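K.L.:
Quick one: this structure, given as structure tokens, is what I'll be asking you about.
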Amino acid sequence: MAKILVTGGLGFIGSHTVVELQNKGFEVVIIDDLSNSSEDILDRIDAITGIMPIFEKLDLKDKTKVQGFFKAHQDLQGVIHFAASKAVGESVEKPLLYYENNINTLVYVLQELQQLKTANFIFSSSCTVYGQADELPITENAPIKKAESPYGNTKQIGEEIIQDTCYITENLNAIALRYFNPIGAHESVKIGELPLGVPQNLVPFITQTAIGIREQLSVFGDDYPTSDGTCIRDYIHVVDLAKAHVIALQRLIEGKNTSNYETFNVGTGTGSTVLEVIKSFEKMSGQKLNYKITDRRAGDVISAYANTSKANNELGWKAELTLDDGMASAWKWEQEVRSK
Ligand code: UD1
């Protein structure tokens, strides 16, 4: 049974990926600092898969501890690296915190991987690296645009650091997965998204409004050059996204990669406007959403959705779940969380 390290494995995407790894027979070791997650996710993962993952509470900024961890786990077959801070607004306020959290930790992990005989590494990147792409749908060859925030910059710099390290490290194989907009929750309703404070992302804001925690959703602008004037994004179900990590890891373990650093878009290939997302929510939940149109939000791109040909054909992964599936599961999850 191949042993895989999942950093940030108790977070939203991390926990769903741990479940999919265990479903495929991998042994999972989780590192998490619990800064945006809690230990009871371990029990929830166990309740879904019947397997309690190994867990170490560890702050990856502590280089000595990272070194100690890798010494104790020399049999790792791969690392999926989720651990990072991800609040765009906070990153503007505290850029150095974001560079320390997202870049220092990446460097420490790569330094350990460089010393292994072989190492397979999956990195959480983001479609944010493309900014407002000139051509839609967006292919992996689209130029990287100047980042809109320090958070976005950590994803760009992170990719460059991995690429530079792979260039001089033959035994290191890496894939950066560029996520579009992750939504939804596991069908068991045991794990899902748990945003701290006021959600910045659309779908948790919708479900929190519907359940009565927020009064009203603000739709940020309806005067964009799109079919209904609201922005377009590619909403990818978190379970599909989790499966993409497992397939990417298998690709590296089986040596099917064509170079030792690759990038793949992980999206559905379909763009949806904000109003379409609201309609999908209303259809799947059977309830009306209270929303109003407000000013545009600074930094929003008009439209971003993936060309998924490379992921479909080379990686052999394709999104199976729809926007409706994502909205239905996000709503079930919100109700479950608030029923406690
Ligand atoms: C945001 C981040 C992006 C990050 C991604 C992670 C910004 C500018 N961008 O992307 O860097 O990688 O999250 O998931 O913060 N919307 C509303 N009302 C709301 C919230 C959102 O109308 O209350 C709209 C937005 O204008 C956007 C869409 O919903 O058109 C999706 O927004 P969001 O979930 O924040 O994702 P992104 O903007 O794609």
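K.L.:
Any chance you could count how many residues in segment 255-314 are among the aromatic types (Phe, Trp, Tyr) and closer than 26 Å to Lys145 by Cβ?
P.N.:
Number satisfying all stated conditions: 3.
K.L.:
I need the full set of residues from segment 225-261 which are among the acidic types (Asp, Glu) and either within 16 Å of the ligand (Cβ to nearest atom) or open to solvent by less than 10 Å² (accessible area, probe 1.4 Å) (or both), in order please.
P.N.:
Asp228, Asp234, Asp240
K.L.:
Right, another one. Residue check, Ile45 against (1) open to solvent by 30 Å² or more (accessible area, probe 1.4 Å); (2) more than 16 Å from the ligand (Cβ to nearest atom); (3) aliphatic (A, V, I, L, M), all met but one. Which one?
P.N.:
Of everything listed in (1) open to solvent by 30 Å² or more (accessible area, probe 1.4 Å); (2) more than 16 Å from the ligand (Cβ to nearest atom); (3) aliphatic (A, V, I, L, M), Ile45 misses just condition (1).
K.L.:
Could you check how many residues of segment 206-218 are buried (at least 19 other Cβ atoms within 10 Å of the Cβ) and among the hydrophobic types (A, V, I, L, M, F, W, C)?
P.N.:
3
Yes/no per residue for (1) in contact with a Leu (Cβ under 7 Å, 6 or more places away or on another chain); (2) closer than 25 Å to Asn23 by Cα:
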position: Ile51; (1), (2): no, yes
position: Ala83; (1), (2): yes, yes
position: Lys94; (1), (2): no, no
position: Asn104; (1), (2): no, no
position: Lys117; (1), (2): no, no
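K.L.:
Another question about this same structure. Of all residues being more than 14 Å from the ligand (Cβ to nearest atom) and within 15 Å of the chain's Cα centre (by Cα) in segment 177-209, which is nearest to Asp40 (Cα to Cα)? Just the residue, please.
P.N.:
Filtering segment 177-209 for residues that are more than 14 Å from the ligand (Cβ to nearest atom) and within 15 Å of the chain's Cα centre (by Cα), the one nearest to Asp40 (Cα to Cα) comes out as Ile191.
K.L.:
While we're on this one: Tell me which residues, restricted to segment 154-189, are part of a strand (DSSP E or B) and among the hydroxyl-bearing types (Ser, Thr, Tyr).
P.N.:
Applying the first criterion (part of a strand (DSSP E or B)) to segment 154-189 yields 172-179, 181-183.
Across segment 154-189, the qualifying residue is only Tyr179.
K.L.:
I would also like to ask the following. Considering (1) touching a residue at least 60 places away in the same chain (Cβ under 8 Å); (2) crowded, with 18+ Cβ neighbours inside 10 Å; (3) over 30 Å from Val301 (Cβ atoms), say which one Ser37 fails and leave the rest.
P.N.:
Ser37 satisfies every listed condition except (3).
K.L.:
Tally time: how many residues in segment 159-193 are under 26 Å from Ala304 (Cβ atoms) and surrounded by fewer than 18 Cβ atoms within 10 Å (Cβ to Cβ)?
P.N.:
3
K.L.:
Could I ask something else about it? Considering segment 289-317 alone, what residues qualify as being away from the ligand (no atom under 16 Å from the Cβ) and either free of Cβ contacts under 8 Å to residues at least 40 places away in the same chain or hydrophobic (A, V, I, L, M, F, W, C) (or both)?
P.N.:
Within segment 289-317, the first condition is being away from the ligand (no atom under 16 Å from the Cβ), and the residues that meet it are 307-317.
Of everything in segment 289-317, those that are away from the ligand (no atom under 16 Å from the Cβ) and either free of Cβ contacts under 8 Å to residues at least 40 places away in the same chain or hydrophobic (A, V, I, L, M, F, W, C) (or both) turn out to be Ala311, Asn312, Asn313, Leu315, Trp317.
K.L.:
Tell me which residues, restricted to segment 117-152, are touching a helix residue (DSSP H, G or I) at 6+ places or on another chain (Cβ under 8 Å), over 22 Å from Gly271 (Cα atoms) and not hydroxyl-bearing (Ser, Thr, Tyr).
P.N.:
Correct list: Ala119, Asn120, Phe121, Ile122, Phe123, Pro150.
K.L.:
OK, next. Here are Val6, Val28, Val66, Val79: which of them is surrounded by 15 or more Cβ atoms within 10 Å (Cβ to Cβ), in a helix (DSSP H, G or I) and either hydrophobic (A, V, I, L, M, F, W, C) or more than 21 Å from the chain's Cα centre (by Cα) (or both)? Give the derivation first.
P.N.:
Values: Val6 fails: in a helix (DSSP H, G or I); Val28 fails: in a helix (DSSP H, G or I); Val79 fails: in a helix (DSSP H, G or I).
On inspection, the qualifying residue turns out to be Val66.
K.L.:
Specify the residue that is surrounded by the fewest Cβ atoms within 10 Å (Cβ to Cβ); the eligible residues are those in segment 299-340 that are of a type in the set (Asp, Glu) and part of a loop (DSSP other than H, G, I, E, B). Step through it out loud before you land on a result.
P.N.:
Keep residues of segment 299-340 that are of a type in the set (Asp, Glu), which gives 300, 314, 320, 324-325, 334, 336.
Still in the list and also part of a loop (DSSP other than H, G, I, E, B): 300, 320.
On the way: Asp300: 14, Glu320: 11.
Ranking the qualifying residues of segment 299-340, first place goes to Glu320.
K.L.:
I'm trying to understand the selection: among the residues of segment 133-152, which are open to solvent by 10 Å² or more (accessible area, probe 1.4 Å) and within 11 Å of the ligand (Cβ to nearest atom)?
P.N.:
Of everything in segment 133-152, those that are open to solvent by 10 Å² or more (accessible area, probe 1.4 Å) and within 11 Å of the ligand (Cβ to nearest atom) turn out to be Ala147, Glu148, Ser149, Pro150, Tyr151.
K.L.:
Taking only segment 277-288 into account, find how many residues are touching a Lys or Arg at 6+ places or on another chain (Cβ under 9 Å) and within 12 Å of the ligand (Cβ to nearest atom).
P.N.:
Residues flagged as touching a Lys or Arg at 6+ places or on another chain (Cβ under 9 Å) and within 12 Å of the ligand (Cβ to nearest atom) within segment 277-288 amount to 1.
K.L.:
Restricting to segment 115-132, and then to whatever is in a loop (DSSP other than H, G, I, E, B) and within 12 Å of the ligand (Cβ to nearest atom), can you tell me which residue is most open to solvent (accessible area, probe 1.4 Å)? Steps first, answer last, please.
P.N.:
Within segment 115-132, the subset in a loop (DSSP other than H, G, I, E, B) is 115-118, 131-132.
When the remaining residues are screened for being within 12 Å of the ligand (Cβ to nearest atom), the result is 131-132.
Details: Gly131: 16, Gln132: 62 Å².
Within segment 115-132, the match that is most open to solvent (accessible area, probe 1.4 Å) is Gln132.
The values are calculated or read from the model by the stated rules, or taken from the named source; none is laboratory data. All values reported here derive from a predicted model rather than from experimental measurement. Every residue, glycine as well, gets a Cβ built from its backbone with ideal geometry; the counts of neighbours run over all protein chains shown. Surface accessibility is based on the protein's heavy atoms, side chains included, excluding ligands, DNA and RNA. Shrake-Rupley method; radii C 1.70, N 1.55, O 1.52, S 1.80 Å.
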